[in-house]
Amino acid sequence: SYTYKIKPRSVIFLSIGQIQHEGEIKYMDYQRLANLLFPDITTTPADIEAMYPPRSLPEGAKVTRIAPSPTGFMHLGNLFSAIVSERLAHQSGGVFFLRIEDTDLKRAVEGGVETIIRVFNHYGLNFDEGATIEGDKGAYGPYRQRQRAKIYQTFAKVLVEQGLAYPCFCTEEELNEMRQQQQEMKINFGYYGQWAKCRDLTFEQIEENIQAGKPYVLRFRSPGDPNKRFVHRDLVKGDIELPENDQDIVLLKSDGIPTYHFAHVIDDHFMGTTHVVRGEEWLATLNIHLQLFRTLGWKPPKYVHTAQLMKMDGGSKRKLSKRKDPELALDFYNAEGYPVPSVLEYLMTLLNSNFEDWRIANPTAPIDDFQFTTKKMGNSGSLFDIDKLKDVSKNTISVMSADEVYNEVTGWAKDYDQQLYTLLTGDEQKAKAIFAIGRGGAKPRKDIAIWSEVKDYLAFFYDELYVPAAAYPENVAKEDAIAILTQYKGIYSPADDGDTWFNKVRELGETLGFAAKPKDYKKNPDQFKGHVGDVSQVIRLAITGRTNSPDLCSVMQILGEATCQQRLDEAIATLSK
């Protein structure tokens, strides 16, 4: 025979229990009440246990999950927690799965599940089990909560049988009136103690309400005492002291679907979750969740409450806001063109305090080689800095190969900049040659932080985007600028390598009265019109329209002789007006 143990903390409930009603002691037949509320539930806890045997995993393997709601809005917090969950599972040889918490239909949007899966796939978070576009994958499903209603109701029925749950018929108006009274009395909000109006209804009252068609929710009959406290160890926050929960929280809503509180406790038990990673805003309800685990007789998972993402605003820190901060939404990073590795690298610097030192020591190592640990996670707000993210992204892009940059940029531009996509794919060899300039070596160039900057970065390579210089250096006389460009036209050769190109520019400058070295000019400024840097700057402006560009010799080789000669001619004509 199978005995399922429910462990209330301080009260023993029998199938027929005693309740207080209008000053009298009455008795409730909890078994009869359970059958009234759940006439169609014939499954038992033993049946459910048999469906979900313990996982067979190596010693120390962790089972983690990410469980977002399909609201259509994916934010940094989702990714923040998902990275921690994925690392804990996969570094330990465990399991990382995706569960969809779709119990709140009011917040769900069409295509919300597909959005979740698409975003996590985009960031390379590989799930071992869970919801997929095609359906569910894994032996511990369904992985969508609305499909697990019978499981939740089985345990809701058990709690009713044990006198630990009861139907509540209070209307929204009654609950609002109760909250208003509590506010006026300046006491804790909620459904508890004397405010739990339906806690002690008789069976006959309950039956009458149900027969009358009154909607109801199922509430937990909390045995907690808020004056008592207990200590819980969080893997980030350390030992935290919490009050016992005395709130008679809703377990099942009027449609028979559970709340997050009830559903995630049951799911995490049967799916074998060992570590729950979530934002610290959930600390306020941790006592409820631990109480439910304890009541159901289950060992709770370890909790990892991550610090909230903050930003500086007017000299003070505040939480990132969906309304105020576009950078909270993950779609922002797609549209701006932040490479996935850049976002992951930066978030890892916020998650583990030793990551930046590790990256300096291992500049080319895959990020998965880093040994992530909850011991290095901060327990206060993580300061999110978009400028720091861009610096990280410059470093990330600088060590990519030209082929990788080309693939990343064209992949982004196909969705967000059709003109750029057409230009790059129209001549793949030229585009890759552009991205190869200054790439590799001990000090690679760091011109690009996000893919949306690429169009401006390479605009002068394409006639469709090129804008001629509007002005030339003020310290170079117009006549000297014209002379530089006119004489350079005669000595320029597309076959010149970098050294030959520079020597020609230096010799040209000397013949026109410019110092061969900046330090020579600095020592004797009265003897020279300027230095070789001024000469090359005039040529740079004529060719690129910019005061700053990658290696000019390489730029001119890619542009070709005809384009370079044409731009030199146009610059001379402009200066001669």
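The values are calculated or read from the model by the stated rules, or taken from the named source; none is laboratory data. Source: prediction; values computed, not measured. Cβ: placed from backbone, ideal geometry, glycine included. Neighbour counts: every protein chain shown. Side chains are part of the model used for accessible areas, which takes the heavy atoms of the whole protein and leaves out ligands, DNA and RNA. Shrake-Rupley method; radii C 1.70, N 1.55, O 1.52, S 1.80 Å.
For the range 357-377, does any single residue satisfy the condition of being open to solvent by 50 Å² or more (accessible area, probe 1.4 Å) and under 30 Å from GLY72 (Cα atoms)? Checking the range 357-377: at least one residue is open to solvent by 50 Å² or more (accessible area, probe 1.4 Å) and under 30 Å from GLY72 (Cα atoms).
Keeping to the range 215-224, report how many residues are assigned to a loop (DSSP other than H, G, I, E, B) and surrounded by 15 or more Cβ atoms within 10 Å (Cβ to Cβ). Even if it seems obvious, please write down each step before you answer.
Filtering the range 215-224 for residues assigned to a loop (DSSP other than H, G, I, E, B) gives 215-216, 221-224.
Within this subset, residues satisfying the condition of being surrounded by 15 or more Cβ atoms within 10 Å (Cβ to Cβ) are 216, 221-224.
Number of matching residues: 5.
Residues in the range 58-92 that are over 15 Å from the mean Cα position of the chain (by Cα), of a type in the set (A, V, I, L, M) and more than 20 Å from ASP136 (Cβ to Cβ): ALA61, LEU88.
So which of ALA495, ALA516, ALA477, ALA470 is open to solvent by less than 30 Å² (accessible area, probe 1.4 Å) and either over 22 Å from GLY560 (Cα atoms) or free of Cβ contacts under 8 Å to residues at least 40 places away in the same chain (or both)? Walk me through it before giving the result.
Numbers: ALA495 fails: open to solvent by less than 30 Å² (accessible area, probe 1.4 Å); ALA477 fails: open to solvent by less than 30 Å² (accessible area, probe 1.4 Å); ALA470 fails: open to solvent by less than 30 Å² (accessible area, probe 1.4 Å).
The conditions single out ALA516.
Residue check: is VAL109 touching a residue at least 24 places away in the same chain (Cβ under 8 Å), open to solvent by 60 Å² or more (accessible area, probe 1.4 Å) and either more than 21 Å from the chain's Cα centre (by Cα) or over 24 Å from HIS269 (Cβ atoms) (or both)? Steps first, please.
On the way: touching a residue at least 24 places away in the same chain (Cβ under 8 Å): yes; open to solvent by 60 Å² or more (accessible area, probe 1.4 Å): yes; either more than 21 Å from the chain's Cα centre (by Cα) or over 24 Å from HIS269 (Cβ atoms) (or both): yes.
Yes; evaluated as a whole, the condition is true for this residue.
I'd like to know if the range 96-103 contains one or more residues that are modelled with pLDDT of 95 or more, out of contact with any helix residue (DSSP H, G or I) (no Cβ under 6 Å at 6 or more places or on another chain) and outside any loop (DSSP other than H, G, I, E, B). There is at least one residue in the range 96-103 that is modelled with pLDDT of 95 or more, out of contact with any helix residue (DSSP H, G or I) (no Cβ under 6 Å at 6 or more places or on another chain) and outside any loop (DSSP other than H, G, I, E, B). Is it the case, given these coordinates, that THR511 is among the β-branched types (Val, Ile, Thr) and under 30 Å from ILE448 (Cα atoms)? Here the answer is no, as THR511 does not meet what is asked.
Rundown of residues vs (1) hydrophobic (A, V, I, L, M, F, W, C); (2) closer than 30 Å to LEU164 by Cβ; (3) in a loop (DSSP other than H, G, I, E, B), yes/no style:
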{"site": "ARG294", "(1), (2), (3)": "no, yes, no"}
{"site": "LYS322", "(1), (2), (3)": "no, no, yes"}
{"site": "LEU344", "(1), (2), (3)": "yes, no, no"}
{"site": "LEU347", "(1), (2), (3)": "yes, no, no"}
{"site": "THR364", "(1), (2), (3)": "no, no, yes"}
{"site": "GLY378", "(1), (2), (3)": "no, no, yes"}
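For residues in the range 407-453 being open to solvent by less than 40 Å² (accessible area, probe 1.4 Å) and part of a loop (DSSP other than H, G, I, E, B), which is nearest to ASP331 (Cα to Cα)? It comes out as ILE450. Among residues of the range 131-149 being in a loop (DSSP other than H, G, I, E, B) and of a type in the set (A, V, I, L, M, F, W, C), the one that is surrounded by the most Cβ atoms within 10 Å (Cβ to Cβ) is ALA139. The set of residues from the range 498-513 being more than 12 Å from VAL532 (Cα to Cα) and without any contact (Cβ under 8 Å) to a residue 12 or more places away in the chain comprises ASP499, THR500. Could you tell me whether any residue of the range 114-123 is surrounded by 14 or more Cβ atoms within 10 Å (Cβ to Cβ) and either more than 23 Å from the chain's Cα centre (by Cα) or under 21 Å from LEU292 (Cβ atoms) (or both)? No, the conditions are met nowhere in the range 114-123.
Can you tell me which residue is surrounded by the most Cβ atoms within 10 Å (Cβ to Cβ) among those in the range 156-194 that are part of a loop (DSSP other than H, G, I, E, B) and among the hydrophobic types (A, V, I, L, M, F, W, C)? Spell out how you get there, then give the answer.
Taking the range 156-194 and keeping what is part of a loop (DSSP other than H, G, I, E, B), we get 162-164, 169-171, 186-192.
Pick out the ones that are also among the hydrophobic types (A, V, I, L, M, F, W, C) and you get 164, 169-170, 187, 189.
On the way: LEU164: 24, PHE169: 18, CYS170: 17, ILE187: 11, PHE189: 11.
Out of the qualifying residues, it is LEU164.
Do we have any residue at all in the range 204-214 that's part of a helix (DSSP H, G or I), closer than 29 Å to ALA108 by Cβ, open to solvent by 40 Å² or more (accessible area, probe 1.4 Å) and in contact with a helix residue (DSSP H, G or I) (Cβ under 9 Å, 6 or more places away or on another chain)? Scanning the range 204-214, I find at least one residue that is part of a helix (DSSP H, G or I), closer than 29 Å to ALA108 by Cβ, open to solvent by 40 Å² or more (accessible area, probe 1.4 Å) and in contact with a helix residue (DSSP H, G or I) (Cβ under 9 Å, 6 or more places away or on another chain), so the answer is yes.
Determine whether the range 527-544 contains at least one residue that is within 18 Å of LYS430 (Cβ to Cβ), at pLDDT 95 or above and not aliphatic (A, V, I, L, M). Yes: the range 527-544 contains one or more residues that are within 18 Å of LYS430 (Cβ to Cβ), at pLDDT 95 or above and not aliphatic (A, V, I, L, M).
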